[in-house]
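First the structure, in the form of C-alpha cells, and then the observations on it.
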Amino acid sequence: MISDQLSPTRMNRQGLALRLQMKPAGAARGHLSGGWWPWSDDPAREFPVLVAALGAWVGPVNRVSYHLDTWGQIARKAPVDGRLVRFEGFHSMDPHTVVVIGSDHRRVSLLVVPPSTPGGAARAALRAAADRDSTAGAAEILASNGIPVHGPSPVLIPRARSAEPVAEERWEAEGGHLR
C-alpha cells in the first residue's frame, strides 16, 4: 500500500494490495488527482478494487473511463460492491490515465503506471502524481521517472511546425493583430 489516505486492507481477488496514492485535500489543481499502479491490464481484476477505494473521494462510483488500447476487455456495466458501475473505453483518452466519476459528478483523474514498471520507478511516479504542488500530466510524470511512454502523449508531443506559416502567424507578421 502506497497511500497514507487509504486503508492498507484494500486487496484484489488475488490478495494483492491496492497501489494507489492520492493528492492531499487542498492540493494544487492539475491534470491528475493521484496515481495508481495496477498489477495487470485486466480491468475486471483491477477496476473493482479501485472503485471500492475511491468512494472516499467521489462518493458512490457511477463510471470509470479508460483508454481502450491500454486495457483488456470488460463488460460495459458490472456490479461492484452491490452497485452497477459503467465502464467506458475511449481511444481519445490519454492512455496513461483512468477517470473515475461518482454519483454527484465528482471525479478523479489518475496516472496509471504500467504494471510491468520496476518498483522504484513506479513508486517515484506515484509520489510525483500525488505531490501536493504538482500540475504535471501523466506522460510528463512517467517520462521524468524513466518510464517509457507508449501511445499518444499530448503533453510531450509538440505541435508540428510547417514551412508555411499558419494564417494567424502570417497575419501578425504582416502587421495584423489577433488580440
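Observations, loosely collected:
- Enumeration of residues in the range 90-138 that are touching a residue at least 60 places away in the same chain (Cβ under 8 Å), among the acidic types (Asp, Glu) and surrounded by fewer than 17 Cβ atoms within 10 Å (Cβ to Cβ): ASP133
- Test for HIS67: is it modelled with pLDDT of 90 or more, buried (at least 16 other Cβ atoms within 10 Å of the Cβ) and either under 18 Å from LEU142 (Cα atoms) or hydroxyl-bearing (Ser, Thr, Tyr) (or both): yes
- Number of positions in the range 67-89 that are in contact (Cβ under 8 Å) with a residue 40 or more places away in the chain and over 19 Å from THR117 (Cα atoms): 1
- Counting only strands (runs of 3 or more DSSP E) wholly contained in the range 10-71, the ones carrying 3 or more residues that are closer than 19 Å to ILE101 by Cβ and in contact with a strand residue (DSSP E or B) (Cβ under 9 Å, 6 or more places away or on another chain) occupy 34-36, 61-67.
The values are calculated or read from the model by the stated rules, or taken from the named source; none is laboratory data. Since this is a predicted model, take the numbers as computed values, not measurements. Here Cβ is always computed from backbone atoms with ideal geometry, including for glycine, and neighbour counts include all displayed protein chains.
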